[in-house]
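The values are calculated or read from the model by the stated rules, or taken from the named source; none is laboratory data. This one's a predicted model, so the numbers in the text were calculated from it and none came from an experiment. Cβ coordinates were reconstructed from backbone atoms using ideal geometry, including for glycine residues, and neighbour counts include every protein chain displayed.
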Amino acid sequence: MTWQDVYTKYGAYVNEDFETDDSARNKIAQYPHCVRSAFWFYCVYKNVVKHAKNDDFNMITALINGGFNGYNDRIKYFNRAVTTLKAEHLSVLNKEAGFLFEDSKIYNYRVYAYSWGRYHDPLSNESGTDKDKLKALQAYRRALTLYEQRNDVRKVSAIKARINALSEF
């Protein structure tokens, strides 16, 4: 776990102190908290179980990381775990091209659609995914539609500028 507020919330959940000193903080790395905190984070704090049941790797990544930093590494480790555990049933939506934007719930979340575009945009500084102009444009266009539906003029303008810059690239 990272970030102070997560330690605070987990501590409140299990009614223990993980903050006051090094000894308290180190308890998180010891059994049972090393396991229990992971399940709490996944099932309670981030509540991604329903997305896991739907094989929505992209939505899980967005919810846990807030974006797609480290995405390629995460896919590599996921694929290795699926192969090692012979758990191909956990990877139904993982196609030859990976987990697709349009197969994920991120497709209908404006923030995550925009983020998918930024991370794939060859003109952006975001790292963690392959840069792909077509994936970026697809995501930007979807995000544009979603932001237009909310009448978010500022964001619509910014997305249009990204689409224009990328179209000229």
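Being crowded, with 17+ Cβ neighbours inside 10 Å, of a type outside the set (A, V, I, L, M, F, W, C) and farther than 30 Å from residue 7 by Cβ is the requirement here; does residue 58 meet it? If you could, list the steps in order and put the result at the bottom.
Working: crowded, with 17+ Cβ neighbours inside 10 Å: yes; of a type outside the set (A, V, I, L, M, F, W, C): yes; farther than 30 Å from residue 7 by Cβ: no.
For residue 58, the condition - crowded, with 17+ Cβ neighbours inside 10 Å, of a type outside the set (A, V, I, L, M, F, W, C) and farther than 30 Å from residue 7 by Cβ - is not met.
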Given the options 58, 69, name the one that is part of a loop (DSSP other than H, G, I, E, B), touching a helix residue (DSSP H, G or I) at 6+ places or on another chain (Cβ under 8 Å), in the same structural domain as residue 117 (by TED's automatic domain parsing) and under 28 Å from residue 132 (Cβ atoms). 69
A careful count of residues in region 96-153 that are not in a helix (DSSP H, G or I) and not acidic (Asp, Glu) gives 16
Being modelled with pLDDT under 95 and farther than 28 Å from residue 126 by Cβ is true for just one of 53, 95. Which residue is that? 53
Single residue of region 75-95 satisfying the filter (in a helix (DSSP H, G or I) and among the hydrophobic types (A, V, I, L, M, F, W, C)) that is surrounded by the fewest Cβ atoms within 10 Å (Cβ to Cβ): 81
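Return the only residue of 74, 141, 162 being within 23 Å of residue 55 (Cβ to Cβ), basic (Lys, Arg) and free of Cβ contacts under 8 Å to residues at least 60 places away in the same chain.
74
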